[in-house]
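Only one structure is covered here, and it is reproduced in the block below.
The values are calculated or read from the model by the stated rules, or taken from the named source; none is laboratory data. Remember, it's a predicted structure, so these values are computed and weren't measured experimentally. Using ideal geometry, Cβ is built from the backbone for each residue, glycine included, and neighbour counts are taken over all protein chains shown. Areas reflect the complete protein model, heavy atoms only, side chains present, ligands, DNA and RNA absent. Shrake-Rupley method; radii C 1.70, N 1.55, O 1.52, S 1.80 Å.
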2 protein chains.
Amino acid sequence: MLTVYSEKHKLRDAKTELYGGELVAPFECPARAEYILERVQSEKLGEIVPPDDFTLDPITRIHDSQFLHFIENCWQAWQSSGYHGEAIPTVWPSRRMPQQRIPDHVEGKLGYYALAGETSISNGTWEAARASANVALTAQSAILNGAKEAFALCRPPGHHAASDMFGGYCFINNAAVAAQAFIDQGASRVSILDVDFHHGNGTQAIFYDRADVMFCSLHGDPNDAFPHFLGYADETGSGSGEGYNHNYPMGPGTGFKSWGSALDDACQKIRNYAPDALVISLGVDTFENDPISFFKLASDDFKRYGATIGGLNLPTLFIMEGGYAVEEIGINAVNVLQGYEGI
Amino acid sequence: MLTVYSEKHKLRDAKTELYGGELVAPFECPARAEYILERVQSEKLGEIVPPDDFTLDPITRIHDSQFLHFIENCWQAWQSSGYHGEAIPTVWPSRRMPQQRIPDHVEGKLGYYALAGETSISNGTWEAARASANVALTAQSAILNGAKEAFALCRPPGHHAASDMFGGYCFINNAAVAAQAFIDQGASRVSILDVDFHHGNGTQAIFYDRADVMFCSLHGDPNDAFPHFLGYADETGSGSGEGYNHNYPMGPGTGFKSWGSALDDACQKIRNYAPDALVISLGVDTFENDPISFFKLASDDFKRYGATIGGLNLPTLFIMEGGYAVEEIGINAVNVLQGYEGI
């Protein structure tokens, strides 16, 4: 399997994450991608190539231009305001507040564009996010050109990012950008299957009213898990997208038996939908020892569910999302890819 | 002038405020109330009495019971979740997310009930907020019983708190609770004049659709200042409250000349409204050396505008709100009260 990887992910190297009322070293850190790359290499998964530059055009198919401009320029504006820490939002358009105004001040802009507060913006964030989107688009392009499957070793991840909101460690929604690229290049239908521990709220929001991209997500029940305010089972799409959004929220302690049943159900929906391509939002924070999640998948389970995905027999683009038990993240991610390949 | 004060404000003693991407010592700190108390004493403003206990009844006239229950129990739930810092929200119902669900997990609940992230909840927060509301209600009661004016030396402040949201250092909206008490005890109309540097978004939201409480606020333009998403000039009320909300947003560097003109305009609106009682949300962060604000009022200006308020010749309840240049906060707050009294 082809892997696309960019060294530029290392530019995303924030020093602070707001967690449990403290500023801690971010769980989403450069070592994550390095562990996965090492495992891809040591397991000889296949060729590893750097990304091409796809410009902003395919990104603006999904994201608001003003939002992208803000992510690009936030760090400079934040520093110019005299703040000493990394850019972390402290105020946002809260419930029942008008939501249409974008304040001039960087503190207001930051809160306007944020959907969560754990994700500091710092120097290099934009460059790394751009490179991550290029990684996804390069892998997508490989499939368009005939590859059966490809692995986009994206970092930072993307599935929490909405059209004009960042958070949950995400800035550009790589899976959504890649799915849209399939559509723009002629696909009639694309499925996105999100197996990250956390609900892919950004991806859901982006495609919620569309029938040409079906979204299925297996995740920690938002009653108990981030992002808390989206990802419930009764969110099934709206307008012409009604019936094309499928959430499988599951509670603390969920192991492979229940999780695998939900996956089987999602795969059956994907089969019925008969998409031209499948995008996997591949988070491996479902692992039993992940430090910020509560599912109980063992490393072997990742190989098993990779095989289930392979059984769909679709052109398949794997996009790296979360997973924070850094020592095992490479093993678990590559287990999915090897399971898919029947290894 | 009677002053009501409770030692219990000292129980609100958070150690961390999220500011500029760092956790700093909170600007809203116990020393604030102590400086004001000392000045009230040294200037011999009048009698100082402790508050009576008014139970939760007058508070639930303004605030949602589930919200109050959360503020009371948040710290214990947060600690039980194993977090090591003070309770600071990291995720909230952001733009276009459904806003009706209250997650079970304390992290979700905290974000649901928060309108900003600078305000840590810690041990003693609830007790101090309750005492602060009792301070306001005791001073309100004094006016009901014939006093022409009274000073509620409230801490924590209240004007950012909405019916079911905390933030901006505020938990219970003391001014709103007191205004409602006037109404419930027979007043036909009450005016709230908010002279704090920051827009009283909570007070506005609480009375936005009502004609029996007119709200006027002079404040830093939300384009440039917290709370950023409310306080614009075109917010004039809704439904039967249309025309009873008046915002005076002003830009960086505003001095007394412009500020005083806005006050004159607000006072004319209050005269026309002819309320039975006047509640002043008294923030003195309009001071030229306030560390987190951008108006340029000098200490003498506070005496001048106190006289303007006195000229309204209304039963007047002063409720302490913000002001963070701690050394001068006592001088400036008491200057307003002395100006009011014609001293």
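Under 12 Å from a label point set 7 Å out along the Cα-to-Cβ vector of A:Asn223, the amide N atoms of region A:238-275 belong to A:249-252. Per the accessible-area calculation with a 1.4 Å probe, the total area buried between chain B and chain A rounds to 4800 Å².
Across the identical copies, the 7 Å label point of A:Lys148, projected outward along Cα→Cβ, sits 9.2 nm from its counterparts, in ascending order. Need one word for chain A: rounded, prolate or oblate. Basis is the Cα gyration tensor (sqrt eigenvalues a ≥ b ≥ c); a/c below 1.5 gives rounded, then a/b vs b/c decides. Rounded is the answer for chain A, as its axis ratio a/c remains below 1.5. Overall, region A:40-106 carries a charge dipole of about 540 debye about its Cα centre when +1 sits on the Cβ of Lys and Arg and -1 on the Cβ of Asp and Glu, all other atoms neutral. Each peptide in B:302-312, A:214-224 was scored by the mean count of other Cβ atoms within 10 Å over its residues; highest first, the order is A:214-224, B:302-312. The magnitude of the dipole of chain B, with charges of +1 and -1 set on the Cβ of Lys/Arg and Asp/Glu and taken from the Cα centre, is near 300 debye.
When you count the other C-beta atoms within 10 angstrom of each residue and take the mean per peptide, B:18-24, B:195-201 line up highest first as B:195-201, B:18-24.
Seen from all sides and averaged, what is the projected area of the convex hull of the Cα atoms in region B:273-324, in nm²?
Numbers: hull surface 15.8 nm².
Projected area, direction-averaged: 3.9 nm².
Run the accessible area of region B:151-272 with a 1.4 Å probe and give the carbon-and-sulfur part as a rounded percent. Ligands and nucleic acids excluded, carbon and sulfur reach 46 percent. Applying the Kirkwood pairwise sum to the alpha-carbon positions of region A:214-343 produces a hydrodynamic radius of 15.0 angstrom. For region A:226-293, the spread of Cα positions along the three principal axes, ordered from largest to smallest, is 38, 25, 19 Å. Relative contact order for region B:200-246: 46 percent, from Cα pairs under 8 Å spaced at least 6 residues apart, divided by residue count.
Under 13 Å from a point placed 7 Å out from the Cα of B:Glu7 along the Cα-to-Cβ direction: which residues of region B:42-57 have their backbone N that close? Of the residues in region B:42-57, B:50-51 have backbone N under 13 Å from the label point off B:Glu7. Dividing the convex hull volume of the alpha carbon atoms of region A:191-257 by its residue count gives 76 Å³ per residue. Put a dot 7 Å past the Cα of A:Asp53, heading toward its Cβ, do the same for B:Ser163, and the two dots end up 5.4 nm apart.
Label-to-label distances for B:Asp104 across copies, nearest first, come out at 4.8 nm, using points 7 Å from Cα in the beta-carbon direction. Between region A:259-302 and region B:146-197, the C-alpha centres lie 51 angstrom from each other.
Neighbouring Cβ atoms from other chains, within 10 Å of the Cβ of residues in B:101-108, number 6 on average. The base-10 log of I(q)/I(0) for the protein assembly as shown, evaluated at q = 0.05, 0.07, 0.08, 0.11 Å⁻¹, reads -0.27, -0.50, -0.63, -1.00 [Debye formula, identical scatterers on Cα atoms, solvent excluded]. Each principal axis of region B:107-165 carries a Cα extent, and these read 46, 21, 15 Å when sorted largest first.
Neighbours of B:Leu193 by Cβ distance under 14 Å: Lys/Arg scored +1, Asp/Glu scored -1, total -3. Other protein chain C-beta atoms within 10 Å of residue C-beta, averaged over B:225-236: 5. Between A:Tyr273 and A:Asp300, full extension at 0.36 nm per residue minus the direct alpha carbon distance yields a gain of 6.8 nm. Averaging 1/r over every pair of different alpha carbons in region A:131-260 and inverting the result gives a Kirkwood radius of 15.0 Å.
Maximal additional length on extending the A:Asn289-A:Glu43 stretch stands at 86.3 nm, based on 0.36 nm per residue less the C-alpha distance.
Using the Cα centre as the reference, give the magnitude of the dipole from point charges on the C-beta atoms of the protein assembly as shown (Lys, Arg: +1; Asp, Glu: -1; all else neutral), rounded to the nearest 20 debye. In total the dipole reaches around 580 debye. Ranked by the mean number of other Cβ atoms within 10 Å of their residues, highest first, the peptides A:94-101, A:314-321 come out as A:314-321, A:94-101. Working note: 222 nm ellipticity from helices only, DSSP H runs with n ≥ 4, each -39,500 (n - 2.57), summed and divided by the residues of chain A, gives -11500 deg cm²/dmol to the nearest 500.
Which links in B:Lys257/B:Lys296; A:Lys109/B:Lys257; A:Lys15/A:Lys109; B:Lys10/B:Lys44 stretch past 19 Å when you go from one Cα to the other? Violating the 19 Å limit, Cα to Cα: A:Lys109/B:Lys257; A:Lys15/A:Lys109; B:Lys10/B:Lys44.
Evaluated on region B:1-104, the Kirkwood hydrodynamic radius is 17.5 Å, with distances taken between all distinct Cα atoms. For the pair B:Ser261 and B:Gln66, a Förster radius of 60 Å applied to the C-beta separation gives a FRET efficiency near 0.90, rounded to the nearest 0.05. Solvent-accessible area per residue in region A:29-145 equals 40 Å², computed with a 1.4 angstrom probe and all protein chains kept. When chain A is treated as a GNM, springs tying every alpha-carbon pair under 10 Å, which of A:Trp126, A:Trp259, A:Trp92 comes out with the largest mean-square fluctuation? Among A:Trp126, A:Trp259, A:Trp92, the largest GNM mean-square fluctuation belongs to A:Trp92. Averaged over its residues, how many other protein chain Cβ atoms are within 10 Å of peptide B:116-123's Cβ atoms? So the per-residue partner count for this stretch is 3. Taking all Cα pairs closer than 8 Å and separated by 6 or more residues, the relative contact order of chain A comes to 18 percent.
Excluding ligands, DNA and RNA, the accessible surface per residue across region A:181-229 is 21 Å² with a 1.4 Å probe. Inter-copy label distances at B:Glu43, shortest first and taken from points set 7 Å along Cα to Cβ: 7.2 nm. Please report the relative contact order for region B:213-303, taking Cα pairs under 8 Å with a sequence separation of at least 6, and give it as a percent rounded to a whole number. About 26 percent, as a whole number.
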